[in-house]
Amino acid sequence: MASTGSVADQEGQVMLLGFWFSPFVKRVEWALKFKGIEYDYVEEDLTNKSTLLLNSNPIHKKVPVLIHNGNPIAESLVIIEYIDETWKKNPILPQDPYDRAMARFWANFIEQKVTESTREALVSQGEQQEKKVKELKEAMEVVEGEAKAKLNDKTLFFGGGNGVGYVDFVLGWTCNWMETIEEVGGFKVLDPANQPHFHKWMANFREVSFVKATLAPKEKLVEYFRIVRQARLGLLLPYIRESSAKARSRNPESKQHHPESKNYHACVVVC
Amino acid sequence: MAEQKVKLLGFWVSPFVYRVIWALKLKGIDYEHIEEDIFNKSPLLLQLNPIHKKVPVLIHGDKVICESYVIVQYIDETWPHCPLLPQHPYERAMARFWADFAETKLLITIAIALWARGEVQERAVKQAMEAMEKIEGVVKGKKLFGGESIGYLDICLGWMSYWLPVWEEVGGMQIIDPIKFPATSSWMNTFLHHPVIGDNLPARDAMIEYFQKRSKDISESDWFEGIIRLHLQP
């Protein structure tokens, strides 16, 4: 796709800058698909960020970034509210101010206590990880409590009578990424016996057509997050150095960059 | 619905509570203030906010809303006169983006600069000033973040105008250099001189005493060590 990198070039289009593994990008994709909004998806190379990304999100230099009518918006929750306020069809947030406040409260709780704690558990070990996993388990008890209170055979999602909504999109990453991160991080918080309502919600959410169509294969996610964890724990660099040294000793003339180090840098910049 | 009784559970020195106070006052909404002792939380607070056990909590009729920025948006949507968030979705997105940036990148770093000393404090001050440069860019050429009148972002950043100078004094550090941040310094002055804001601020001497007293407990806590590890760049 030709681009001078200027944000103004994208006038009249909806474009989403993303990375395949990112649950934050996925949320925005789900919101766009839910509303039937046409968009161009641009897969970013996070080891070699495009001028467009750097111009569109100079503050965080991260995905997702939505560019609409030449205007860039960053941060997944900000983007979803923008989408909801710009395209009125299929509302994501409720209409009533109190219901909206509750949706925002739960979204904030999920981000602080579930999403952030999971990220921290992924990139820590020993006592630090134990502490994060304990916090995460407590947060999951709250989520289960909320699922038990709000969901039943007729109301499958937190969006209530309207089907999926804001809270579902914010929590949705758990239906695919949580298992992956548990496996990579070597801990367990998912507990079907004690979280029956949450597990039922996850199963239902996975079956939503646009969710099902966009979930990345587990093996690919496991491979990626394994590198993230090792990079953050400083375990990967000696391996890369050793592999590079071995590669150089086999072919002293080669200037080829070791392929895995690309993912190492990607992991460091996104985490 | 808007006519139902409004109550606010608050704590006298909390900048998060003041966001809600300013939003209520700017819109001329009558409310009852219920002062909480956050070191000895009342059964009412624990019942109304069992998840976080924190202030502010807004009670409107039989509805309970927690988290300052959720409350401010609720107030703005329930009483739409004197709007706080901009009308256009893109400008609303920008206000929310910068409010999130200030909360996650600036305020936390300043908290570290307040309580830490030595090399950790120096790094925190440096990181805070880098974040402050971004804020300076947002308010440059404007009277207020909201333009001509106080808006959502002014309210979310209000702590910068009054709490930050107190923290600078208690922490023995400086982040807002008027020469480096002329637009932000000018904004602080404009914001504080608004009658609604100026009339609704905690007493400065009492704030200094409070934050000085908190210094030892916080700087030696595991929580603070965790904050430094998560938020201070190497």
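Overview of values
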read-out: Residue list for segment A:57-77, filter: facing chain B (nearest Cβ under 10 Å), farther than 25 Å from A:Ala139 by Cβ, open to solvent by 30 Å² or more (accessible area, probe 1.4 Å) and not polar (S, T, N, Q); value: A:Pro58, A:Ile59
read-out: Strands (runs of 3 or more DSSP E) wholly inside segment B:1-107 that include at least 1 residues being closer than 28 Å to A:Glu141 by Cα and in contact with a strand residue (DSSP E or B) (Cβ under 6 Å, 6 or more places away or on another chain); value: B:6-10, B:57-60, B:63-66
read-out: First in segment B:211-232 and among the polar types (S, T, N, Q), second anywhere and assigned to a helix (DSSP H, G or I), Cβ under 8 Å, 6 or more apart; value: B:Gln212/B:Val170; B:Ser215/B:Trp115; B:Ser215/B:Val170; B:Ser219/B:Trp115
read-out: Members of segment A:166-209 found to be closer than 23 Å to A:Asp99 by Cβ and out of contact with any helix residue (DSSP H, G or I) (no Cβ under 7 Å at 6 or more places or on another chain), listed by number; value: A:Lys200, A:Asn204, A:Val208
read-out: Unique residue being open to solvent by 40 Å² or more (accessible area, probe 1.4 Å), modelled with pLDDT under 95 and within 19 Å of the chain's Cα centre (by Cα) when the list is B:Thr104, B:Thr190; value: B:Thr104
read-out: Cross-chain or 6+ apart pairs with Cβ under 6 Å, segment B:59-74 first and modelled with pLDDT of 95 or more, then among the basic types (Lys, Arg) and in a strand (DSSP E or B); value: B:Ile59/B:Lys7
read-out: Segment B:62-83, subset of a type in the set (A, V, I, L, M, F, W, C) and either farther than 18 Å from A:Glu81 by Cα or touching a Leu at 6+ places or on another chain (Cβ under 7 Å) (or both), residue most open to solvent (accessible area, probe 1.4 Å); value: B:Cys82
read-out: Scope segment B:153-187; condition of a type in the set (Ser, Thr, Tyr) and either open to solvent by 10 Å² or more (accessible area, probe 1.4 Å) or on the phi > 0 side of the Ramachandran plot (or both); matching residues; value: B:Tyr162, B:Ser185, B:Ser186
read-out: Tally, over segment A:95-110, of residues that are open to solvent by 40 Å² or more (accessible area, probe 1.4 Å) and of a type outside the set (A, V, I, L, M, F, W, C); value: 4
read-out: Failed item in (1) modelled with pLDDT under 95; (2) open to solvent by less than 50 Å² (accessible area, probe 1.4 Å); (3) of a type in the set (Asp, Glu), with A:Glu85 passing the rest; value: (1)
read-out: Residue that is within 13 Å of chain B (Cβ to nearest Cβ), within 29 Å of B:Ile75 (Cα to Cα), assigned to a helix (DSSP H, G or I) and charged (D, E, K, R), where the choices are A:Lys113, A:Lys88; value: A:Lys113
read-out: Close pairs from segment A:117-145: first among the small types (Gly, Ala, Ser) and buried (at least 18 other Cβ atoms within 10 Å of the Cβ), partner modelled with pLDDT of 95 or more and outside any helix (DSSP H, G or I), Cβ under 8 Å, at least 6 apart; value: A:Ala121/A:Phe187
read-out: Qualifying position, being within 13 Å of chain A (Cβ to nearest Cβ) and crowded, with 16+ Cβ neighbours inside 10 Å, among B:Ile135, B:Ile112; value: B:Ile135
read-out: Filter pass, A:Ile80 being farther than 21 Å from A:His199 by Cβ, more than 9 Å from chain B (Cβ to nearest Cβ) and β-branched (Val, Ile, Thr); value: yes
read-out: Residue in segment A:150-168 that is within 14 Å of another protein chain (Cβ to nearest Cβ), assigned to a helix (DSSP H, G or I) and open to solvent by 50 Å² or more (accessible area, probe 1.4 Å) present; value: no
read-out: Residue count for segment B:26-40, restricted to those that are of a type in the set (Phe, Trp, Tyr) and free of Cβ contacts under 8 Å to residues at least 12 places away in the same chain; value: 1
read-out: Output for segment A:125-140, where each listed residue is within 10 Å of chain B (Cβ to nearest Cβ) and either more than 20 Å from the chain's Cα centre (by Cα) or under 10 Å from A:Phe187 (Cβ atoms) (or both); value: A:Gln128, A:Lys131, A:Lys132
read-out: Residues of segment A:42-56 satisfying the condition of being in a strand (DSSP E or B) and either facing chain B (nearest Cβ under 10 Å) or surrounded by fewer than 16 Cβ atoms within 10 Å (Cβ to Cβ) (or both); value: A:Glu43
read-out: Filter result (surrounded by 14 or more Cβ atoms within 10 Å (Cβ to Cβ), within 14 Å of another protein chain (Cβ to nearest Cβ) and over 19 Å from B:Glu103 (Cα atoms)) within segment B:4-52; value: B:Val6, B:Lys27, B:Ile29, B:Leu48, B:Asn49, B:Ile51
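The values are calculated or read from the model by the stated rules, or taken from the named source; none is laboratory data. A quick note: this is a predicted structure, and the numbers were derived from the prediction, not measured. Cβ coordinates were reconstructed from backbone atoms using ideal geometry, including for glycine residues, and neighbour counts include every protein chain displayed. Note: areas computed on protein heavy atoms with side chains; ligands, DNA, RNA excluded. Shrake-Rupley method; radii C 1.70, N 1.55, O 1.52, S 1.80 Å.
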